[in-house]
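To start, the structure itself, in structure tokens.
The values are calculated or read from the model by the stated rules, or taken from the named source; none is laboratory data. Here the structure is a predicted model, which is why all the values come from computation and not from measurement. For neighbour counting, all protein chains shown are included, and Cβ atoms are generated from backbone atoms with ideal geometry for every residue, glycine included.
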């Protein structure tokens, strides 16, 4: 049995808006507040139009409202470093969509249950991490990955000011996620913004240095994990299935968004907001069990 | 006599033409030669700047730190300059090489994306470095758009703005129009970086200077991505004829070219068919060798790959799309991939 979580979204930017629209469809969530700091914010207007209360007080708005079960922080790495201890002190479970990486990393298709019973703050790494770590994990469970490198290319339109100001944190947090969750011994992450019109779909290339003689098992394992990602991100697909190229395996994926806020080219929003909702829904089940005890 | 500042890019852009395989010792010796010829600024490192060593762009022979250590020891007068492309390199990477006497950081973004460089410009300024806002692929947008992004970089604190024709796709008027627009928009100096894919690098640099450019890039023997950059020793001679002061000794730079560069160039820096295809299509100059490798692997014409990349409006750094396009072209030809 799961309970309905009283939910607040912090940060009404591209990611926060897309997330809010997905949470409104989730039976385990009741969105009670959208909190920001900019009165001109498009996200606050959209929230109000959906009948959701809004606050201009940022994290303080959430704390003073009280009785919140879960907060999704979609601000930026630096603001989250301020928010995290406040939310922790208030005893509110927090899903961090910034690359601040205060709490342990979660990629739903790989380790959704690992920290839900224990951590009060979980981190979703980055959109590029959510898209590529499952592939590296899918390969490293077959054969050791000496080195993984990913290139995430996203349309300029889908990269808001938060993403742009956090570009170093993006590459660094993604790299650590590839190592810690993906299982690569060493890793590197690159992000490229492309302003082409019409906007390109989010695409990711994953290079892995490993024993390429195991390519058949690698293909099978990667196809399995891609199917697991599709459970929460339907537009996730292998553009180029893993193939051996010398001492490395090359895989390319493309992510079509659900088109909740920005159009379908913004798969980079979906992959992290859909992961967030998946974590929240699973958390609701954990909490529900706790309630039943 | 008007002074033009020249930045040598042989030891950074030239790395594209040698798959990033110069050794630190070679780079140090070349930098010492350039320094003795009177270069104001010498840019060094992986072709894609700090952190560029990768599967995506090719691993360099040595690390950023090893190159900068060698160059730092070799150069006495010139400013040592590094490129930093946010999304590839980070402030951490910059910190790791600052001890080697780096004076200038060129923070490089696609021409429409200057705001991803705000943190990096700010960090460089705070640490006493010269910070440059470097806009790539400026042929893809209007002069007004280039000027708008130049102003953004200026607002972050950039000491000068560099307009780059990374595809070697500009005609002289394109270069002049963009320089003029940027000059009118900002109060800091303006630079220009050319590629010779249409055989126009020297002409475009002259057009840029006549339109007001204060700083221009060149490389010895043109050593650079695609058909290379404006050939430095030629540029020095031409600017002398026109009465500009560069501070570079013509005979010395010619000797550096013949004695130090000629023995290490992997091939003559000519406008090959593939380089011409890059300039014609407006693709990124460093795609050259990557496209040739993909063409061979997947059995397609490298020119078709480059033209298709231009058609898809691919930007700098998207080397992985070369493989994707090659696979698509091979499939369209009915080849098994």
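Here are the numbers for the structure shown:
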item	result
Qualifying residue in the stretch B:320-334 (condition: within 13 Å of chain A (Cβ to nearest Cβ), farther than 20 Å from residue A:241 by Cα and free of Cβ contacts under 8 Å to residues at least 60 places away in the same chain)	no
In the stretch A:170-182, the residues that are buried (at least 21 other Cβ atoms within 10 Å of the Cβ) and touching a helix residue (DSSP H, G or I) at 6+ places or on another chain (Cβ under 8 Å)	A:170, A:173, A:174, A:177, A:178, A:181, A:182
Selected residue (only one of B:251, B:280 is over 28 Å from residue B:138 (Cβ atoms), more than 14 Å from every other protein chain (Cβ to nearest Cβ) and assigned to a helix (DSSP H, G or I))	B:251
Hits in the stretch A:123-150 (condition: surrounded by fewer than 23 Cβ atoms within 10 Å (Cβ to Cβ) and assigned to a strand (DSSP E or B))	A:146, A:147
Residue B:129 in the same structural domain as residue B:174 (by TED's automatic domain parsing), farther than 15 Å from residue A:171 by Cβ and touching a residue at least 24 places away in the same chain (Cβ under 8 Å)	yes
Residues that are modelled with pLDDT under 90, within 9 Å of chain B (Cβ to nearest Cβ) and not in a helix (DSSP H, G or I), drawn from the stretch A:151-176	A:159, A:166
Test: residue in the stretch B:53-62 that is in contact with a strand residue (DSSP E or B) (Cβ under 7 Å, 6 or more places away or on another chain) and either surrounded by 24 or more Cβ atoms within 10 Å (Cβ to Cβ) or not assigned by TED's automatic domain parsing to the domain that holds residue B:154 (or both)	no
Residues within the stretch B:289-319 that are at the interface with chain A (Cβ under 10 Å from one of its Cβ atoms), in a loop (DSSP other than H, G, I, E, B) and in contact (Cβ under 8 Å) with a residue 24 or more places away in the chain, tallied	6
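Residue-by-condition table, conditions (1) assigned to a strand (DSSP E or B); (2) within 11 Å of chain A (Cβ to nearest Cβ); (3) buried (at least 24 other Cβ atoms within 10 Å of the Cβ):
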residue	(1), (2), (3)
B:82	yes, no, yes
B:93	no, yes, no
B:98	no, no, no
B:105	yes, no, yes
B:108	yes, no, yes
B:112	no, yes, no
B:115	no, yes, no
B:118	no, yes, no
